[in-house]
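Below: one structure, written as structure tokens.
The values are calculated or read from the model by the stated rules, or taken from the named source; none is laboratory data. Just so it is clear, the structure is predicted and the values come from calculations on it, not from any experiment. Because the Cβ atoms are built from the backbone with ideal geometry, glycine has one as well, and the counts that use them run over all protein chains shown. Keep in mind that these areas ignore ligands, DNA and RNA; they rest on the heavy atoms of the full protein, side chains included. Shrake-Rupley method; radii C 1.70, N 1.55, O 1.52, S 1.80 Å.
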Number of protein chains: 6
Amino acid sequence: MNYYDWNQEQAKTYLKRKDMIVLLPVGAIEVHGDHLPLDTDCKLAERIARKVEEQLGEEKCAILPCIPYGQVWSLGDVPGSIHIADKVLSSYLYEIIKSLERSGVKRMAIINSHMGNGAAIKTAMRKAYEDSSNIKVYQFTYPEANSVIQKVCTTKRSHEILFHADEIETSYMLYLAPESVDMKKAICQEIDFPEEYDFTSIKWSEFMEKAVLGDAASASAEKGKKIIDAVVEKIVTVLKGADINGKYTGN
Amino acid sequence: MNYYDWNQEQAKTYLKRKDMIVLLPVGAIEVHGDHLPLDTDCKLAERIARKVEEQLGEEKCAILPCIPYGQVWSLGDVPGSIHIADKVLSSYLYEIIKSLERSGVKRMAIINSHMGNGAAIKTAMRKAYEDSSNIKVYQFTYPEANSVIQKVCTTKRSHEILFHADEIETSYMLYLAPESVDMKKAICQEIDFPEEYDFTSIKWSEFMEKAVLGDAASASAEKGKKIIDAVVEKIVTVLKGADINGKYTGN
Amino acid sequence: MNYYDWNQEQAKTYLKRKDMIVLLPVGAIEVHGDHLPLDTDCKLAERIARKVEEQLGEEKCAILPCIPYGQVWSLGDVPGSIHIADKVLSSYLYEIIKSLERSGVKRMAIINSHMGNGAAIKTAMRKAYEDSSNIKVYQFTYPEANSVIQKVCTTKRSHEILFHADEIETSYMLYLAPESVDMKKAICQEIDFPEEYDFTSIKWSEFMEKAVLGDAASASAEKGKKIIDAVVEKIVTVLKGADINGKYTGN
Amino acid sequence: MNYYDWNQEQAKTYLKRKDMIVLLPVGAIEVHGDHLPLDTDCKLAERIARKVEEQLGEEKCAILPCIPYGQVWSLGDVPGSIHIADKVLSSYLYEIIKSLERSGVKRMAIINSHMGNGAAIKTAMRKAYEDSSNIKVYQFTYPEANSVIQKVCTTKRSHEILFHADEIETSYMLYLAPESVDMKKAICQEIDFPEEYDFTSIKWSEFMEKAVLGDAASASAEKGKKIIDAVVEKIVTVLKGADINGKYTGN
Amino acid sequence: MNYYDWNQEQAKTYLKRKDMIVLLPVGAIEVHGDHLPLDTDCKLAERIARKVEEQLGEEKCAILPCIPYGQVWSLGDVPGSIHIADKVLSSYLYEIIKSLERSGVKRMAIINSHMGNGAAIKTAMRKAYEDSSNIKVYQFTYPEANSVIQKVCTTKRSHEILFHADEIETSYMLYLAPESVDMKKAICQEIDFPEEYDFTSIKWSEFMEKAVLGDAASASAEKGKKIIDAVVEKIVTVLKGADINGKYTGN
Amino acid sequence: MNYYDWNQEQAKTYLKRKDMIVLLPVGAIEVHGDHLPLDTDCKLAERIARKVEEQLGEEKCAILPCIPYGQVWSLGDVPGSIHIADKVLSSYLYEIIKSLERSGVKRMAIINSHMGNGAAIKTAMRKAYEDSSNIKVYQFTYPEANSVIQKVCTTKRSHEILFHADEIETSYMLYLAPESVDMKKAICQEIDFPEEYDFTSIKWSEFMEKAVLGDAASASAEKGKKIIDAVVEKIVTVLKGADINGKYTGN
């Protein structure tokens, strides 16, 4: 269900159900080369949430509006990107968590599509935990993707952990939001990260112009489907596990 | 244009245009009785922005994704509402303003549909002004609506200034987002505000159950059109004025 | 009574009275043209508090020292004005509220004479409310003045809502603190607010030199008396209402 | 001169004078036994400022309204006291300093009568210094008083450094504000500070009931005059020194 | 060299050398089972710094005192652990970075031995970067360790990424600080992380009693040497690279 | 005992002892002329703590790692000094206090050797007190030193209260850490503090080059012993007093 479509009566009724899980997609507005739109991460978060809802059952799932603006430090100086500082983003998230708790929600899951949001999400979750909040908060940032990527993707990654507008992310989009991809503009570029990259603060604009971390042209909806289906399955498994044994339902 | 649909090249090109105005809709997730959805304010902000774009010309207007979560103090304790504290919301807005400034944007307009957001918006705008930011920021919260409301609306208002899910706001929705209104559930209730209401902190739940401030049933798309068209015209006039004489373009 | 004149024993005795109301005048130091002094707002707040005390009865009313420095954003860049940022002023107010609560005070009323202080006062009051503070806080910024102004004042206002060192405020001073008014220097000037004034951040110094918003020369003590007496009556009515039915006495 | 009595023209004229010194009295609202009022510290700060003005010459001195509420940690839990946390008080002071700097003031002196305000004042002064503020800020908290006290006062002090509503402070009041002293209620009590007092956080209410730190009854206006005259002389000497050699005038 | 052993003259001389690198060890006080002391992470950070100094040459390296208290969220509720919140730790680090910058230091490297400190270090580094600080800051948390661990360590890891008081960390200590290890108390325990561990906030005390993440008994100085030598080599390579080409020396 | 040497079991056992006192040395990294090292204050705090432990009995005392970086405002602009702002240092201290409280510690004593740390320590202690923390916190900054200094030291002090790298502090070092003193470089210089020094913000670099406040050459271990032994005795007396009567043990 869409949380935001509810009227007052529905909100009251649905939010007190013990088996209800509220999903909060969190994206970003960030340049992704010329074949993907600025709101790529928003679309990914929203549609993964939709797929999770399909698996969990509509009646147990409420999807919140996506938080559109996230932490975009590395590409924050490139025109088009909008950057929210960690502490501001974590406070914004925290306010949402506390509002849901006040509404009686027992479990929520943050569906995050942008690695840069990770630190802010962790901070908000820990703050809610330390408050002894009566709500259990999960976050998922493509769980299980790495093992499938290693099997499915065929091109060299520019960085061991990072991916961006490349074979991986473009495949996600071809599967989840193909209408927003312009494969004619998908480029292949090998990015040479400075050796010191992992050890100091460097903006990406210092060593790349077009924000594409590899071979976007080799992306395909099939690759995207394989990875994202595994991601969704993992999310659903964890959320169902919490559901069944009830060990961590926040009481 | 939709800011969020742009690719990297388009963002670079469009954002350096001197006559470009970026529009940022700001809404809220808040209970609005049983005839309107929780995201009523988001829909209103987004669609007013769309109408402003129509008037200004698509090539001069870029619409950002709506900020969905706003300051909902008065109804923040009613299940379904999500409340963002003033200082968090103003910081979130400020980060967006500064990102746009870094991108070279000269003028932006916040299209706000929810009165509760007013203080946070003002704080963010003043902070940007004090920074000597090289961007001119406007905010519009239904300008000119009051004079038209007095002519168009027929039912008694429960409060001199406040309106909520009543004849006024329901008319806005019937005009701008009729697919989201369920007029069968539109009620009429007279709310008796405590005499001390304007002078102390009181949550609405202390004196009303259903969050409807008057006679929603008397709303109509025609009424909404008259008010909103005047609102849009005022916004466009102010933004065009700034455009023509260039007096306040932020340089 | 003057709160500040009490000795330790009196403070202990008086503050635990259930029917005691503590009044806190809040003013500002701000330029008001050449016929009014910088502390005009302090004088107004203090003397309105004194009139409220007369009506409520001295034994039920304790007047605190006036907070002399307030939020003076719009005129903050004119020599003489002293500006306190919203968040600092609200924290300062909050500390006072909490101290009174610790002292056992059940009700306090902030007598505010300066519109710029409004946001900070609201923030402090809401924070105390959210703390479940055992004190009820009121704020009054010339309640009921508008309807009387429309009847009593004869000159055109430069702005629909704002007033400053004009017929209105000068009349207040002629009634409440005539010794501080120099009518020989009272000028009449029509201020042409920029059309965009209500929609963006603009300091008053951008469009006026002398900080007078209209026709100060047409002010009179009689006009001031009519407005202020209505203001005081409204304050007293609200505070007595709270007193009698005890509905909101904070327990 | 009284800063607060100025009109706009006077403020503009006087504040740009290079030899102008602005004095800011800072007091507190705090219990002082039964022979002194809650605003004792306000009266002391204001009247010392007045004496400094007499010495420096009225045309070189502008006295601001007293900040009435200060940091009252040690007695903050006794009904009547109003406590402002250090960080709030220092921010409030800082805003005033920055406003004066914007007005063109080159030198200001904080006339402080309450030791508890010391840390907040220091923080505000250092922050202004680090900003490379173009204003020189002084603070004076009874300079030179100790050496005169040793000669003039005859009764045993309960604490080596602290004094409060005792022979010392009561003498100050008898000299500076005799109309506010009720010597019939002046008591003599020896306070036995816990040995660990200087090494841990203890509120005074843990070891005394009436907030009097010694023998108030032995106070006299003569004693007060001797001490305060030395205090004022020291303040004037330091401020004149700065004046004459101009070494630290902030440019 | 030891930064802290310098006198004033030496500090002045050495810190203005362009080829000087200042090393800041950052550890933690945290329980590590019964075979390792609470300050295990401090010893590791200090001694890795010492080994880096050996390789870089004493004259080019200044070692600061270790920051002993770090972010210990996961084990923060176990007696003995001392936890510093992320924002406090990052501010503390930032102050040190800015002080070094004021002293003229061009490059510094944070030698961190505790993964929990990672977010705070990153925040401090980015803040310094955004300030356009004239200092280049590196951080190293066992770089290159993972690939060597896979070759050298023989026992199963309880968690893919985390290690703590297990074969890995105990080997580090046997190599770097053998005098502080009591292998008689080294236990082997397999920790069963909850499936949801990576997706929600869980303290370790919820699923383990003794803070040992695997088989400490299989540790050896030889294993530690192989891993740590690779770590040190990587650090030295990155720092020398920066040294030679001077590309990122912060000017 | 050294807190940091404990293993997990020992931490658990020792920290729940009711008679255990945890000692936290707090120092600074600051220039001290050419005869003393930058970490002079760290060495002093650590070794005074060690002497307190000797007197209290090892089994009742746990010494934490020294906080090496403190508030060094006055000398913060001299190369080598590292300055931590008051609010950062007090937050860092507060986190440690709260961690100890969570561990069950009932009493802790901050052994501070650097006057600049005083305000931050006081703030942290008061914050813990206001939290109704179940831990009693003491701070000691050379208690009783002044009276002994007057008897023992023979040279003129440059400032009534301040001492730094002079006869006093150098004597402390000759007694407590003679291996770190280079008396050949001990100078004697008379510092002429500006008359306004105590009344405004001035860095020491404005009036001295070498950070020595008097005659370091006249220092001796004997002088240091006399003063420090009195300091230690006072600390022990206060801590034992708390121990015996248990009046302020935090319960």
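Does segment C:101-121 hold any residues that are without any contact (Cβ under 8 Å) to a residue 40 or more places away in the chain and out of contact with any Ser or Thr (no Cβ under 8 Å at 6 or more places or on another chain), and which are they?
Within segment C:101-121, just C:R102 meets the criteria.
Yes/no matrix, rows are residues, columns are (1) touching a residue at least 60 places away in the same chain (Cβ under 8 Å); (2) surrounded by fewer than 19 Cβ atoms within 10 Å (Cβ to Cβ); (3) touching a Phe, Trp or Tyr at 6+ places or on another chain (Cβ under 9 Å); (4) more than 14 Å from every other protein chain (Cβ to nearest Cβ):
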residue: C:E160; (1), (2), (3), (4): no, yes, no, no
residue: C:E196; (1), (2), (3), (4): no, yes, yes, no
residue: C:A216; (1), (2), (3), (4): yes, no, no, no
residue: C:A221; (1), (2), (3), (4): no, yes, yes, yes
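Output the residues belonging to segment D:1-20 that are buried (at least 24 other Cβ atoms within 10 Å of the Cβ) and touching a strand residue (DSSP E or B) at 6+ places or on another chain (Cβ under 7 Å).
D:Y3
Does at least one position in segment A:132-142 carry a residue that is more than 10 Å from chain E (Cβ to nearest Cβ), of a type in the set (A, V, I, L, M), outside any helix (DSSP H, G or I) and over 15 Å from the mean Cα position of the chain (by Cα)?
Yes, segment A:132-142 contains at least one residue that is more than 10 Å from chain E (Cβ to nearest Cβ), of a type in the set (A, V, I, L, M), outside any helix (DSSP H, G or I) and over 15 Å from the mean Cα position of the chain (by Cα).
Within segment D:82-95, take every residue that is facing chain C (nearest Cβ under 7 Å) and buried (at least 24 other Cβ atoms within 10 Å of the Cβ) and give me the one that is farthest from D:P37 (Cα to Cα).
Here the residue is D:Y92.
Filtering segment A:188-227 down to residues that are outside any helix (DSSP H, G or I) and in contact with a Pro (Cβ under 9 Å, 6 or more places away or on another chain), which residue is farthest from E:S133 (Cα to Cα)? Spell out how you get there, then give the answer.
Taking segment A:188-227 first, the residues outside any helix (DSSP H, G or I) are A:188-196, A:200-203, A:207-215, A:219-220.
Filter once more, so that each one left must be in contact with a Pro (Cβ under 9 Å, 6 or more places away or on another chain): A:200, A:202, A:207.
Values: A:T200: 13, A:I202: 13, A:F207: 20 Å.
Filtering first and then ranking leaves A:F207.
If you go through segment D:74-97 one residue at a time, how many are part of a loop (DSSP other than H, G, I, E, B) and touching a residue at least 60 places away in the same chain (Cβ under 8 Å)? Reasoning before the result, please.
So in segment D:74-97, the residues part of a loop (DSSP other than H, G, I, E, B) come out as D:74-81, D:83-85.
Next, only the ones that are touching a residue at least 60 places away in the same chain (Cβ under 8 Å) stay: D:74-78.
Within segment D:74-97, residues that are part of a loop (DSSP other than H, G, I, E, B) and touching a residue at least 60 places away in the same chain (Cβ under 8 Å) number 5.
Go through segment F:24-47 residue by residue and tally those that are crowded, with 24+ Cβ neighbours inside 10 Å and away from chain E (no Cβ under 14 Å).
Within segment F:24-47, residues that are crowded, with 24+ Cβ neighbours inside 10 Å and away from chain E (no Cβ under 14 Å) number 0.
With (1) modelled with pLDDT of 95 or more; (2) over 22 Å from the mean Cα position of the chain (by Cα) as the list, and B:E169 as the residue in question, which single condition is left unmet?
In the conditions (1) modelled with pLDDT of 95 or more; (2) over 22 Å from the mean Cα position of the chain (by Cα), B:E169 misses (2) alone.
Among the candidates B:V148, B:V137, which residue alone is in contact (Cβ under 8 Å) with a residue 60 or more places away in the chain and on the phi < 0 side of the Ramachandran plot? First the steps, then the outcome.
Details: B:V137 fails: in contact (Cβ under 8 Å) with a residue 60 or more places away in the chain.
The match here is B:V148.
Let me confirm something: among F:K185, F:K234, F:K240, which residue is open to solvent by 20 Å² or more (accessible area, probe 1.4 Å), more than 25 Å from F:L56 (Cβ to Cβ) and out of contact with any Phe, Trp or Tyr (no Cβ under 7 Å at 6 or more places or on another chain)? Please lay out each step first, then the result.
Working: F:K234 fails: more than 25 Å from F:L56 (Cβ to Cβ); F:K240 fails: more than 25 Å from F:L56 (Cβ to Cβ).
When all the criteria are applied, what remains is F:K185.
Quickly run through segment E:134-156 and pick out the residues that are closer than 20 Å to A:S74 by Cβ and in contact with a Lys or Arg (Cβ under 7 Å, 6 or more places away or on another chain).
Hits for segment E:134-156 are E:K136, E:P143.
Just give me the residues in segment C:98-122 being more than 13 Å from chain D (Cβ to nearest Cβ), more than 19 Å from C:E46 (Cβ to Cβ) and in a helix (DSSP H, G or I), in sequence order.
If the condition is that a residue be more than 13 Å from chain D (Cβ to nearest Cβ), more than 19 Å from C:E46 (Cβ to Cβ) and in a helix (DSSP H, G or I), then C:A119, C:K122 are the ones that fit.
Taking the criterion of being open to solvent by less than 10 Å² (accessible area, probe 1.4 Å), within 14 Å of chain C (Cβ to nearest Cβ) and farther than 23 Å from C:V88 by Cβ, would at least one residue in segment D:71-81 satisfy it?
yes
Just wondering, is there one or more residues in segment F:146-160 that are touching a strand residue (DSSP E or B) at 6+ places or on another chain (Cβ under 8 Å) and more than 20 Å from E:W6 (Cα to Cα)?
Within segment F:146-160, one or more residues are touching a strand residue (DSSP E or B) at 6+ places or on another chain (Cβ under 8 Å) and more than 20 Å from E:W6 (Cα to Cα).
Could you tell me which numbered condition A:T155 fails, if it satisfies all but one of (1) without any contact (Cβ under 8 Å) to a residue 40 or more places away in the chain; (2) open to solvent by less than 50 Å² (accessible area, probe 1.4 Å)?
Answer for A:T155: the failing condition is (1).
Please determine whether any residue of segment E:232-240 is part of a helix (DSSP H, G or I) and hydroxyl-bearing (S, T, Y).
Yes - at least one qualifying residue is present in segment E:232-240.
Would you check if B:A62 is more than 14 Å from chain A (Cβ to nearest Cβ) and buried (at least 24 other Cβ atoms within 10 Å of the Cβ)?
no
Against the conditions (1) in contact with a strand residue (DSSP E or B) (Cβ under 7 Å, 6 or more places away or on another chain); (2) within 7 Å of chain D (Cβ to nearest Cβ); (3) open to solvent by 10 Å² or more (accessible area, probe 1.4 Å), where does C:P68 fall short? Just the number, please.
(3)
Scan segment D:11-40 for residues that are of a type outside the set (A, V, I, L, M) and in a loop (DSSP other than H, G, I, E, B) and jot them down.
Looking only at segment D:11-40, we keep the residues that are of a type outside the set (A, V, I, L, M), and these are D:12-14, D:16-19, D:25, D:27, D:30, D:32-35, D:37, D:39-40.
Listed by number, the residues that qualify are D:K16, D:R17, D:K18, D:D19, D:G27, D:E30, D:H32, D:G33, D:D34, D:H35, D:P37, D:D39.
Please determine, by comparing only the residues of segment E:15-38 that are modelled with pLDDT of 95 or more and among the charged types (D, E, K, R), which one is nearest to E:E58 (Cα to Cα).
Applying the filter and picking the extreme gives E:E30.
Look at segment F:97-112 and say how many of its residues are in contact with a His (Cβ under 9 Å, 6 or more places away or on another chain) and buried (at least 24 other Cβ atoms within 10 Å of the Cβ).
0
Here is a check on your reading of the model: is C:K43 out of contact with any Phe, Trp or Tyr (no Cβ under 6 Å at 6 or more places or on another chain), within 30 Å of D:G104 (Cβ to Cβ) and not in a loop (DSSP other than H, G, I, E, B)?
It is true that C:K43 is out of contact with any Phe, Trp or Tyr (no Cβ under 6 Å at 6 or more places or on another chain), within 30 Å of D:G104 (Cβ to Cβ) and not in a loop (DSSP other than H, G, I, E, B).
Does B:H164 count as closer than 16 Å to B:A45 by Cβ, open to solvent by less than 70 Å² (accessible area, probe 1.4 Å) and either touching a Lys or Arg at 6+ places or on another chain (Cβ under 9 Å) or part of a loop (DSSP other than H, G, I, E, B) (or both)?
yes
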